[in-house]
1. Taking the Cβ of each residue in 227, 37 as the centre, tally the other Cβ atoms inside 10 Å and list the residues starting with the fewest.
2. So if we plug the beta-carbon distance of residue 158 and residue 195 into 1/(1 + (r/R0)^6) with R0 = 35 Å, what FRET efficiency do we get, rounded to 0.05?
3. Using only Cα atoms, tell me the angle between helix 9-25 and the longest principal axis of the chain; keep it within 0 to 90° and round to the nearest 10.
4. What translational D, rounded to a whole number of µm²/s, comes out for the chain from Stokes-Einstein when the hydrodynamic radius is the Kirkwood one over Cα pairs, at 25 °C and 0.890 mPa s?
5. Sum up the charges of everything whose Cβ sits under 14 Å from the Cβ of residue 219, counting Lys and Arg as +1 and Asp and Glu as -1, but leave residue 219 out.
6. Quick query: amide H of residue 172 versus all other amide H atoms, modeled in the peptide plane; which residues come in under 5 Å with a sequence gap of 5 or more or a different chain?
7. Given the DSSP H assignment, sum -39500 (n - 2.57) over each helix run of at least 4 residues in the chain and divide by its residue total; what's the result at 222 nm in deg cm²/dmol, nearest 500?
8. What's the exposure ranking of 190, 160, 67, going from fewest to most Cβ atoms within 10 Å?
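Quick note: the coordinates plus some simple rules give every number you see, no bench work behind them. Note that the structure is a prediction, hence the values are computed from the model and not measured. Here the Cβ positions follow ideal geometry from the backbone for every residue, glycine too, while neighbour counts run over all protein chains shown.
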Amino acid sequence: MANLLSIKPSFIKMLFLVFITAVAASSPGIAQSNQFSLALQVQPAIIFHKNNYAYRAKETYSTSTPCIGIETTLKYDLNKKISFETGVGYMSKRLETVAFLNQNVLPPPQQSGTLELVITKSVSYRTLSIPVNLLYQIVAKNKVNTTLITGITANYLLNCFYEVQNYKQYQGTYKKNTWQGLSLNAGIGCDYQFASKTCLTTKVLYSFINKVKRDEYLFSQDEYVISLPHTYLQFSLGVRVIL
């Protein structure tokens, strides 16, 4: 998995140091909360990617495609300043982009050796995400709690839908069941407590590093197997219940 994701050890060390530093910086005088809460959130997102991964000479530029997902997380408040959060989410990341689909490696009955040049219209990666986040409170006033968020997310690819421009017999959803990559994220979150044990919760995260595994079904003029590098801006809105 380490070879596939190609995350440099320096990034992992940096993230580990952020966690350790934050914990060490918490004042001993701050009361320990030791409190758990459970959140369920809808997650609209914007995927940033290229319009073309196939052609060498064709004009290539950055574009974006909207998508939506859902996530549930469990948060543990270490103290009044620092919290940890983990959970699981689902999202279909749709990239409206051009790549070549290699029908020679598709599973039967779509597999074919006739070598038509099959061109994608869009690629939808349906993924499970497992985030591990550190939250640091910066504002707590009038039932509003604002936090800085940083963390790492492991992305597990369930399947992929390839929408094609031509040769529709190859269009379809194909099973993957593999780890797709790791994301390093940062952003800001806000909770508004409107009842004794219930909060409206929201956050915005950007994946400043997003490693994507090569897709054996896709190729370009220059490479037999390619990946579709992309980043995303993710919004979350939902409800948090204090346990």
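1. 227, 37
2. Step by step, r from the Cβ atoms, then E = 0.50.
3. Once rounded, the angle reads 20 degrees.
4. 125
5. Net charge in that neighbourhood comes out at -3.
6. Counting only residues 5 or more places away or on other chains, the set is 162.
7. -2500 deg cm²/dmol
8. Final ranking by Cβ density, sparse to dense: 190, 67, 160.
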